[in-house]
Amino acid sequence: MTLDLLSHLKQMLSAPGLSAYEDPIREIVAEAWRPLTDELSVSRLGSLHALKRGDGAEPRPKVLLSAHMDAIGLMVTAITDGFLHVTQVGGVDARILPGQLVTVHGRKDLPGTVVMPPEFLLPSEVEKGPVPLQYLLVDIGLHPTEVEELVRVGDVVSFAQPPLELTGGTVAGHTLDNRASVAAVTFCLEVLQRRKHAWDVWAVASVQEEIGLTGAFTSPFAIQPDFAIALDVTFAKGPGSTDWRTVPLGKGIALAWGPNIHPALFNALTKIADELDIPYSREATPGMTGTDTAAIQMVKAGIPCVLVSTPLRYMHTPVEVVAVKDIQRAGRLIAEFISALPVDFMQTLEWK
Amino acid sequence: MSSQKQPSITTPPEVGSAQVELLTRLCNAMAVSGDEQEVRQIVLEEIQPYCDQVEVDGLGNVLATRLGSQAQKVRVMIAAHMDEVGFMLTNDEGEGLFSFETVGGIDPRQLVGKAVIVGREHTPAVIGAKPIHLTTPEERKRVPKVEELRIDFGLEGSSKAKVGDRATFATQLEVLGPSIRAKALDNRLGVINLIELLRHAPDNIDLLAAFTVQEEVGLRGARVAAYRFDPQIGMAIDATPAHDLPAYDADVENTRYNTKLDHGPAIYLMDGATISDRRLAEWLIQTAEAENIPWQIRQPNPGGTDAGAIHRTRAGVPSISVSVPVRYAHSAASLIRQEDWAHTLKLVYHALTRLTPEILS
């Protein structure tokens, strides 16, 4: 295997790419996917589309792999005395923000810190409780006149926590949701270099998932796949997170089951996982998954979906944690599944 | 001890790239109260050539003496605490998760979602947070308690750490234009300033430099250091909060800023632990005026420095504190202006050169 998965992942974790501002991360993903695929293109909204052709007779059936590449973050709303006020892009818990290192993407990239004003400068009801986002500030260490020159309202602010290698093959960083899954797609494409597959494989690094699954509506419309595999992260068990919505970290992937998921497709996928002894948890999603599948299944006349998830601790913090072997498991399962797909696979998907 | 000490550098101390480089080493080192060894090691290496005597006392203070050569000398003790706030691991729960306690005053709102370093090896770990998706609206209205949080080393972390290990924020020092951002600027600024003062010590004083331990947990090192040195004058050099941020309501003036960045060294008249000696305050202010150094009075309010312990030692030591204003002290990322640092160093240096025994008469 020529792919250095860890380096690839850490490179992605070092890049910004907030929802609708995905250019920096898209370039990195494109560079990784170019040698592994036959065609690359960028959708109207900025999703990266990569085609790896199958060897079946034309017209070949198409499978879509969808992994969103956008990140949550902040956006500047006002500037007071050189301090930036911010709002959120995507689901940010304001309680994790005080003291976070960030990059303000102004006229140039500016390192900064999210800061919590002292109690006497805040409304009395805040007291010693969490400081709401509207009262947090970003300090970029420049004099107010310089700040006014370099930053304006609407500039985006990304997390700047560098990636960390932890023990037991785990990695921490910001935006492992969902760069971990982009890495799984890369791993899958790498495995497929040495496997025959009849189907065309469309790998998509989708945009704007965190603010409403936008890319997951538009790319399937353009590509028109026969079915789709979405890749995302899910909640790993960890401190304070132990209920039924969580799965163990590093002990296998999660395969979602619920109304976003086509049951026959799920069964076909788990059959391969069982045959290959790839460990997985069956993840109950009784309502909606909160992933690209929720959009993809409703595109055009409906697209059957499955969801492959990598367990992750501390979701939507700058210190999310995943196990690299879970990423490999996700990529390998999908590659093996694709390579085993018969041309007439869609005819075998029966509602029972 | 050493009879071949290097002569003092006779020019005033400056803040240049060499000082920023040393501050980087000092701030990136870990010295949580009670385990100051990493900073103590750097201090010992840096000051040895310039001192007449250096010892490490029973609590871990570095006590360095540089004797002046003039006949009429003043024995001045300057204290800078080496320790920083941080964490101690309290229980190994397996699978790389440890419970922990804070050491020194850290607001629990500063903890979640942070990278930390643990132990002498600076093993990386993180303090996570429950995902927002899994929290209830009630949970989001309260601050996670320290006992709910864990330091997470990854799946096999239990081999990397043990109960009792210290930890601190992983932030590396960075220069941001006119500013410097780092952890532990409180009080590595005092430490580096004291190192520079030893190198540039004037001959009209015996400089008794105390690099103290355990300030953040109760001014413990300074008490015994002052006893040992038995000085005529005591001074703590430290970092003090600059709460110079805008109020949420633009119509409300911030009158409780404590200190402000860009306004120079903060001279103490009163804090929670000390009322400064008025003669020493005049001495510092007159020096600043004469040398054209900007200065400010730290707003009288609670808080304290090593001077709180020094001035009550033995039969009493006239004492004062001077601090560099620092935003966001005791968090992962504090911030100073380089100019304020340089001005603080310059003020203390020039004040020392003007010091005569008459100040106490």
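Only DSSP H runs of four or more residues enter the estimate; each adds -39500 (n - 2.57), and after division by the residues of chain A the mean residue ellipticity at 222 nm equals -7500 deg cm²/dmol. With 0.36 nm allotted per residue and the present C-alpha distance subtracted, the A:Ala57-A:His143 stretch has 24.5 nm of extension available.
Number of Lys-Lys pairs in chain A with C-alpha atoms under 29 Å apart and a separation of 8 or more places or on different chains: 28.
Hydrodynamic radius of chain A by the Kirkwood approach over all distinct alpha-carbon pairs: 20.9 Å. When chain B is treated as a GNM with alpha-carbon contacts under 10 Å, the residue of B:Ile78, B:Ile127, B:Ile310 showing the greatest mean-square fluctuation is B:Ile127.
A cut-off of 5 Å between modelled amide H atoms, ignoring neighbours fewer than 5 places along the same chain, links A:Leu65 with A:Trp202, A:Ala203, A:Val204, A:Ile229. Based on Cα contacts under 8 Å between residues 6+ apart, segment B:195-331 shows a relative contact order of 33 percent. With R₀ fixed at 41 Å, the C-beta to C-beta distance from A:Gln347 to A:Glu31 puts the FRET efficiency at about 0.60. Rounded to the nearest 20, the Cβ-based charge dipole of segment B:52-138 about its Cα centre (Lys and Arg +1, Asp and Glu -1) stands at 480 debye. Here r is the Cβ-Cβ distance between B:Arg314 and A:Asp243 and R0 is 41 Å; the resulting FRET efficiency, rounded to 0.05, is 0.10. Close amide H pairs (under 5 Å, H built 1.01 Å from N) link A:Val102 with A:Gly112, A:Thr113, A:Val114, A:Ala160, residues at least 5 positions away or on another chain. Positive end of the dipole of segment A:100-142 (Cβ unit charges, origin at the Cα centre): among A:Pro111, A:Leu137, A:Leu122, the Cα lying farthest that way belongs to A:Pro111.
Across segment A:1-73, the mean sequence separation of Cα contacts (distance under 8 Å, 6 or more residues apart), normalised by length, yields a relative contact order of 32 percent.
Find the Rg to Rh ratio for chain B, where Rh is the Kirkwood radius over alpha-carbon pairs and Rg uses the same atoms.
Details: Rg = 20.9 Å, Rh = 21.1 Å.
Ratio of gyration radius to Kirkwood radius for chain B: 0.99.
Shown for segment A:193-352 is the translational diffusion coefficient from the Stokes-Einstein equation, using the Kirkwood radius over Cα pairs, a temperature of 4 °C and a viscosity of 1.567 mPa s: 80 µm²/s. Taking every Cα-Cα distance in segment A:270-352 and sorting them into 5 Å bins starting at zero, the pair-distance distribution P(r) comes out as 3, 10, 17, 21, 23, 15, 6, 3, 1 percent. Taking GluC sites (Glu not before Pro) across segment B:200-268, the ones in a DSSP loop with at most 14 further Cβ atoms lying within 10 angstrom of their Cβ are B:Glu253.
When you filter the GluC sites (Glu not before Pro) in segment B:112-157 for DSSP loop state and at most 14 other Cβ atoms inside 10 Å of their Cβ, you are left with B:Glu121. How far apart, in nm, are two points set 7 Å out from the Cα along the Cα-to-Cβ line at B:Thr255 and at B:Ser69? The two pseudo-label positions are separated by 5.4 nm. Here B:Lys5 is the anchor, and the lysines within straight C-alpha reach of less than 22 Å, apart from those fewer than 8 places off in the same chain, are B:Lys73.
For B:Ser319, which sequence-distant residues (separation of 5 or more, or a different chain) have an amide H within less than 5 Å of its own amide H, given hydrogens modelled in the peptide plane? Placed amide hydrogens put B:Gly234, B:Asp277 under 5 Å from B:Ser319.
Taking only the C-alpha atoms of segment B:73-187, Rg followed by Dmax gives 17.1, 67 Å. Residue by residue, segment A:288-302 carries 3J(HN,Hα) couplings of 10, 7, x, 10, 3, 4, 5, 8, 4, 5, 9, 6, 6, 8, x Hz when phi is fed to the Karplus relation 6.51 cos²θ - 1.76 cosθ + 1.60 (θ = phi - 60°); x denotes Gly or Pro. The base-10 log of I(q)/I(0) for the protein assembly as shown, evaluated at q = 0.08, 0.09, 0.10, 0.12 Å⁻¹, reads -0.67, -0.80, -0.93, -1.19 [Debye formula, identical scatterers on Cα atoms, solvent excluded].
Find the relative contact order for chain B and round it to a whole percent, using C-alpha pairs within less than 8 Å whose residues are 6+ positions apart. Before the final figure, lay out the partial values.
Details: 866 pairs, mean separation 83.4, N = 361.
That works out to 23 percent.
Could you tell me the distance between the Cα centroids of segment A:330-349 and segment A:140-186, to the nearest Å? If we compute the Cα centre of each part, the gap is 35 Å. Taken along the Cα-to-beta-carbon direction at a fixed 7 Å, the label points for B:Glu45 and A:Thr87 span 5.0 nm. In segment B:132-260, a dipole from Cβ-located charges (positive for Lys and Arg, negative for Asp and Glu) runs towards its positive end, and of B:Asn204, B:Asn258, B:Gly164 it is B:Gly164 whose Cα lies farthest in that direction.
Which helices, taking whole DSSP H runs in chain B, have alpha carbons extending 18 angstrom or more along the helix axis plus mean Kyte-Doolittle at least 0.0?
Values: long enough: B:185-199 (21 Å, 0.59); B:278-291 (19 Å, -0.51); B:338-353 (23 Å, -0.33).
Within chain B the helices that satisfy the rule are B:185-199.
We did not get these values from a lab; they are worked out from the coordinates using the rules stated. Fair warning: this is a prediction, and the values are worked out from it, not measured in the lab. Ideal geometry is used to build each Cβ from the backbone, glycine not excepted, and the neighbour counts take in all protein chains shown.
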